[in-house]
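Worksheet: the structure to be examined is printed underneath.
The values are calculated or read from the model by the stated rules, or taken from the named source; none is laboratory data. All figures in this text were calculated on a predicted structure; none of them were measured in a lab. Cβ atoms come from the backbone with ideal geometry, glycine included; neighbour counts cover every protein chain shown. To get the accessible areas, we keep the full protein, side chains included, count just its heavy atoms, and leave off ligands, DNA and RNA. Shrake-Rupley method; radii C 1.70, N 1.55, O 1.52, S 1.80 Å.
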Amino acid sequence: MSLSLPSSSAAAAAAAASTSGSSSSPAAASSSSTTTSWFSGIVRGRGDKSGTAKLSKSSSMAGGGSGSGDYGGPIKGKNQFRGVLFKYGPKSIQVAFKTGEYKQQVIFIGGLTDGLLATDYLEPLAIALDKEKWSLVQLLMSSSYSGFGTSSLKQDAQEIDQLINYLINKENSEGVVLLGHSTGCQDIVYYMGTNAACSRAVRAAILQAPVSDREYKATLPETPAMIDLAANMIKEGREEELMPREADPCAPISAYRYHSLCAYMGDDDMFSSDLSDDQLKTRLGHMAHTPCQVIFSMGDEYVPDYVDKKALVNRLSKAMGGAEKVEIEHGNHSLSNRVHEAVQAIIGFVKREGPSGWDDPWS
């Protein structure tokens, strides 16, 4: 990654990064805007939100290549991204990395333990987006890496809003698409339910691997006792205190966050197969107001074997008002074994859900 580094608090500087990721958890751009109005140029995507797409590995569009533009494209080499590193908020962790200098951005929101370069499909996705005149933005939040255990969906939503606010004010953004992976999907659903001012800039949302942390945690023997402990700590007003180390070996975790992830109808419990249709609609129904795509890995290792994945993705789509379904056969949680299909699905949706006109963002 090597280009100028605009910062909300510092002069431009160069930034470069080469790292590998981990995971646990619309039409081509319009011409550059010349206005500096706070909400100028924001559009809401429209389009058919129904239908199911089944993708095969042979229908790949990711591939290599250097992308478009004089700067040599967004990818320099394996796990080497060219772009701009910038601060979007006052905290030291609140930085983001953007490939391409375009007025439309896809914002990638990772899952638990994720940070920059979290999934294998980000590299070819950056190339494909660059060809369509879109930027890819990867953000770090307070919950990134090992910070998830002492954070919350509410805090993530506030920081996502800060990032979009930065893109609007500093980059003259013409709208964003939110791409969530794993618990990043919960972040998107929560954020879009806040009706924050900057959420009006969200053209569309993509949920890749929207799975239940609770159902996965239920397969672990220590979980029932830990849920009881967390519930008791919360009753005693100790929700921000840390759980014993065995509650989560990946990171320190508060009683609140453990309960949120692992307890029935906790704040993070949005995609569980045992929730009723009414419960799913209560938690996901507001997504019907945003063009939405659900990419579900049919071989997801974090979904228990007893769960009917096809039935679940149908129910999730219905609860969101008919979100587009993409079922990727044999795909794992992060789609590291189905990178081409992941990029094809995302790019196809971003292009299709592009603006068909200019909407009043306040309407």
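Would you pick out the residues in segment 185-205 that are within 15 Å of L284 (Cβ to Cβ) and open to solvent by 10 Å² or more (accessible area, probe 1.4 Å)?
So in segment 185-205, the residues within 15 Å of L284 (Cβ to Cβ) come out as 185-194, 205.
Listed by number, the residues that qualify are Y190, M192, G193, T194.
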Give segment 248-275 a look and list any residue that's within 15 Å of A218 (Cβ to Cβ) and open to solvent by less than 10 Å² (accessible area, probe 1.4 Å), or say none. Y258, S260, L261, C262, A263, G266, D268, D269, F271, S272, L275
Filtered residues of segment 212-265 (kept if over 28 Å from the mean Cα position of the chain (by Cα) and either in the same structural domain as G149 (by the TED database) or among the small types (G, A, S) (or both)): A225, A231, G237
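Yes or no: M320 open to solvent by less than 10 Å² (accessible area, probe 1.4 Å) and at pLDDT 95 or above?
Working: open to solvent by less than 10 Å² (accessible area, probe 1.4 Å): yes; at pLDDT 95 or above: yes.
Considered against the rule, which asks whether it is open to solvent by less than 10 Å² (accessible area, probe 1.4 Å) and at pLDDT 95 or above, M320 comes out as yes.
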Can you find a residue in segment 325-346 that is closer than 20 Å to A201 by Cβ, surrounded by 19 or more Cβ atoms within 10 Å (Cβ to Cβ) and at pLDDT 95 or above? yes
